[in-house]
Amino acid sequence: MNVERILPQLLVGQNGLEIDSAQQWEELRRPELLELFAEHVYGRQPLQRPETMTFTAASQAGCLDGKAIRKSIHIDFSGENGGQGRIRLTLYVPADAAAGKKRYPAFLLFDHGRLSAVPEGDSPSSPFWPVEQILASGYAATMIAAEDIDPDEHDGFRNGVHGIFDPQDRPRAADAWGTIAAWAWGLSRAMDYLETDPDVDPARIAVIGHSRGGKTALWAGALDERIAMVVSNESGCTGAAVSRGKAGERVHQINKAFPHWFSENYKRYNHKEDELPVDQHLLLALIAPRLLYVSSAAEDEWADPVSEYLSLQLAEPVYRLFGADGVAAEPFPQLDSPLHTERCGYHVRAGQHDLTKVDWMYILGFANGRL
Ligand code: GCU
């Protein structure tokens, strides 16, 4: 798109102060941006780790011809409203990990109904979730599913973690968490478990999501600094893509089609992206200096690859504060020519909106030696 985009400034605080060091970024700008995204876009998570949370090893079995172990973990919690929740985490580790030899870095996939049959299935690999390819690259593969955290429908916030934790005796606040913030909260609970698993290296976990899952991975990664790498695959509107001047899906369209995804406040910006106090490059910058990978598909005009790439370029000044470079100097890359810098990566794959084996090949290639 050839529009002039006037965007909120990355390195100027709300009080007008210029941010020119990593310390100022971490002490001033980063916290205020987290507040702005929580208040105006995703909504505030009312709690972090529930006091009642427990982990139970539900099952463990060999799989993939003895090459791997599949563990099934139940993450259980309850709320003051009396409700109970369970996130089922599936974890595949190479067989030698279980022998106590090594703690593996891991990819944590946030699934949104794409893999409904897989967690308990015998043959776990699919193009979306290529467990064998991930394990062969030297990583553990773990996943949780959206449906265990919050249903992907506008149910008046009565079910899922909203039903368990939201106050029922007063009207819902305009900055209360939407479903994407609830899902991001679920990813942090998966991190809580993974910190305790002897086969996983908790300092080397990449969170990955596709589309609405990519939006979720980004917000989780912004909030939770235990996450070492974030992968946003084709997350588009209110994910990686800059909203101002964006092609394809716009804020009013996402709010209409998915009224449960964001805070009520976000609806104030329907047709008014220019009035948002943030834009999505600021979200990407909240991942810095950790590893950040953004991927697009050429035919995915709804997500808008150009605006996704622009966002990654515009996040670079924060990486520079930490002494790392980004992709700002590079023009929009050729199809299937991944661009990998020290801390940031991008590719645009030929084809349609999806997470494919080709995406995984580029993403694993970036992680190799970095994560
Ligand atoms: C819809 C929605 C997008 C979303 C996508 C997906 O197309 O408009 O914002 O990313 O679904 O999750 O696949």
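Assess whether G160 counts as being open to solvent by less than 20 Å² (accessible area, probe 1.4 Å) and of a type outside the set (A, V, I, L, M). Lay out the reasoning, then the answer.
Numbers: open to solvent by less than 20 Å² (accessible area, probe 1.4 Å): no; of a type outside the set (A, V, I, L, M): yes.
Answer is no for this residue.
Based on what the data block shows, is S188 open to solvent by 10 Å² or more (accessible area, probe 1.4 Å), within 15 Å of the ligand (Cβ to nearest atom) and under 24 Å from L34 (Cβ atoms)? Steps first, please.
Values: open to solvent by 10 Å² or more (accessible area, probe 1.4 Å): yes; within 15 Å of the ligand (Cβ to nearest atom): no; under 24 Å from L34 (Cβ atoms): yes.
When the stated conditions are applied, S188 does not pass them.
Say we look at the stretch 19-43 and pick out the residues that are over 25 Å from T238 (Cβ atoms) and in a helix (DSSP H, G or I); which of these is least open to solvent (accessible area, probe 1.4 Å)? Show your work before the answer.
Residues of the stretch 19-43 over 25 Å from T238 (Cβ atoms): 20-24, 27.
Then keep just the ones that are in a helix (DSSP H, G or I); that gives 22-24, 27.
Working: A22: 24, Q23: 116, Q24: 49, E27: 119 Å².
The selected residue is A22.
Against the condition open to solvent by 10 Å² or more (accessible area, probe 1.4 Å), out of contact with any strand residue (DSSP E or B) (no Cβ under 6 Å at 6 or more places or on another chain), more than 16 Å from the ligand (Cβ to nearest atom) and among the β-branched types (V, I, T), how does T341 come out, does it pass? It would help to see each step written out before you state the result.
Numbers: open to solvent by 10 Å² or more (accessible area, probe 1.4 Å): yes; out of contact with any strand residue (DSSP E or B) (no Cβ under 6 Å at 6 or more places or on another chain): yes; more than 16 Å from the ligand (Cβ to nearest atom): yes; among the β-branched types (V, I, T): yes.
Against the criterion (open to solvent by 10 Å² or more (accessible area, probe 1.4 Å), out of contact with any strand residue (DSSP E or B) (no Cβ under 6 Å at 6 or more places or on another chain), more than 16 Å from the ligand (Cβ to nearest atom) and among the β-branched types (V, I, T)), T341 qualifies.
For the stretch 218-263, which positions are acidic (D, E) and closer than 19 Å to R290 by Cα? Can you show your working first?
Pass one, the stretch 218-263, residues acidic (D, E): 224-225, 234, 249.
Answer for the stretch 218-263, where residues must be acidic (D, E) and closer than 19 Å to R290 by Cα: D224, E225.
Would you be able to tell me the number of residues in the stretch 191-248 that are of a type outside the set (A, V, I, L, M), within 16 Å of the ligand (Cβ to nearest atom) and in a helix (DSSP H, G or I)? First the steps, then the outcome.
In the first step, residues of the stretch 191-248 are kept if they are of a type outside the set (A, V, I, L, M); the result is 192-193, 195-199, 201-202, 204, 209-216, 219, 221, 224-226, 232-239, 243-246, 248.
Still in the running and within 16 Å of the ligand (Cβ to nearest atom): 209-216, 219, 232-239, 243, 246, 248.
If we keep only those that are in a helix (DSSP H, G or I) too, we end up with 212-216, 219.
Here the count works out to 6.
Scan the stretch 55-70 and tell me whether some residue there is within 16 Å of I149 (Cα to Cα), touching a His at 6+ places or on another chain (Cβ under 8 Å) and either of a type outside the set (V, I, T) or not in a helix (DSSP H, G or I) (or both). Explain how you work it out, then say what you get.
Keep residues of the stretch 55-70 that are within 16 Å of I149 (Cα to Cα), which gives 55.
Of the ones still in play, those that are also touching a His at 6+ places or on another chain (Cβ under 8 Å) are 55.
Subsequent filtering for residues that are either of a type outside the set (V, I, T) or not in a helix (DSSP H, G or I) (or both) retains 55.
Taking every residue of the stretch 55-70 in turn, at least one turns out to be within 16 Å of I149 (Cα to Cα), touching a His at 6+ places or on another chain (Cβ under 8 Å) and either of a type outside the set (V, I, T) or not in a helix (DSSP H, G or I) (or both).
I need every pair where a residue in the stretch 203-222 that is under 17 Å from I254 (Cα atoms) has its Cβ under 9 Å from the Cβ of a residue that is among the basic types (K, R) and within 13 Å of the ligand (Cβ to nearest atom), sequence separation at least 6 or different chains.
Here the result reads H210/R114; G213/R114, each pair linking the stretch 203-222 to a residue that is among the basic types (K, R) and within 13 Å of the ligand (Cβ to nearest atom).
Just to be sure before I move on: is P46 touching a Phe, Trp or Tyr at 6+ places or on another chain (Cβ under 7 Å), farther than 30 Å from G369 by Cβ and not in a helix (DSSP H, G or I) in the structure I sent? I'd like the intermediate steps shown before the answer.
On the way: touching a Phe, Trp or Tyr at 6+ places or on another chain (Cβ under 7 Å): yes; farther than 30 Å from G369 by Cβ: yes; not in a helix (DSSP H, G or I): yes.
Against the criterion (touching a Phe, Trp or Tyr at 6+ places or on another chain (Cβ under 7 Å), farther than 30 Å from G369 by Cβ and not in a helix (DSSP H, G or I)), P46 qualifies.
Being in a helix (DSSP H, G or I), acidic (D, E) and crowded, with 20+ Cβ neighbours inside 10 Å is the filter here, so list the residues in the stretch 268-323 that pass it. It would help to see each step written out before you state the result.
Quick first cut of the stretch 268-323, residues in a helix (DSSP H, G or I) only: 268-269, 273-275, 280-285, 305-321.
If we keep only those that are acidic (D, E) too, we end up with 273-275, 308, 316.
Selection gives E308, E316.
I'd like the full set of residues that are of a type in the set (D, E) and touching a residue at least 40 places away in the same chain (Cβ under 8 Å), limited to the stretch 253-293. Quick ask: steps written out before the conclusion?
Our first condition is that a residue be of a type in the set (D, E); within the stretch 253-293, this holds for 264, 273-275, 279.
Once the filter is applied, which keeps residues that are of a type in the set (D, E) and touching a residue at least 40 places away in the same chain (Cβ under 8 Å), the stretch 253-293 yields E264, D274, D279.
From I87, I75, which residue is within 30 Å of K267 (Cβ to Cβ), assigned to a strand (DSSP E or B) and at pLDDT 95 or above?
Details: I75 fails: within 30 Å of K267 (Cβ to Cβ).
The unique qualifying residue is I87.
Return the pair list, or none, for Cβ contacts closer than 6 Å from residues in the stretch 62-78 that are in contact (Cβ under 8 Å) with a residue 40 or more places away in the chain to residues that are surrounded by 20 or more Cβ atoms within 10 Å (Cβ to Cβ) and among the charged types (D, E, K, R), at least 6 apart or on different chains.
C63/R70; I75/R189
Looking at (1) open to solvent by less than 20 Å² (accessible area, probe 1.4 Å); (2) of a type outside the set (G, A, S); (3) farther than 17 Å from A182 by Cα, which is the only condition K215 fails?
(3)
So which residues in the stretch 251-275 are within 18 Å of E301 (Cβ to Cβ) and within 10 Å of the ligand (Cβ to nearest atom)?
Result: Q253, I254, A257.
Need the failing condition index for D155 against (1) touching a residue at least 40 places away in the same chain (Cβ under 8 Å); (2) surrounded by 15 or more Cβ atoms within 10 Å (Cβ to Cβ), just the number.
Result: D155 passes all but (2).
The values are calculated or read from the model by the stated rules, or taken from the named source; none is laboratory data. Note that the structure is predicted; figures quoted are calculated from it, not measured. In this analysis, Cβ positions are derived from the backbone assuming ideal geometry, glycine residues included, and neighbour counts consider all displayed protein chains. Just the protein is used for accessible areas: all its heavy atoms, side chains included, with ligands, DNA and RNA removed. Shrake-Rupley method; radii C 1.70, N 1.55, O 1.52, S 1.80 Å.
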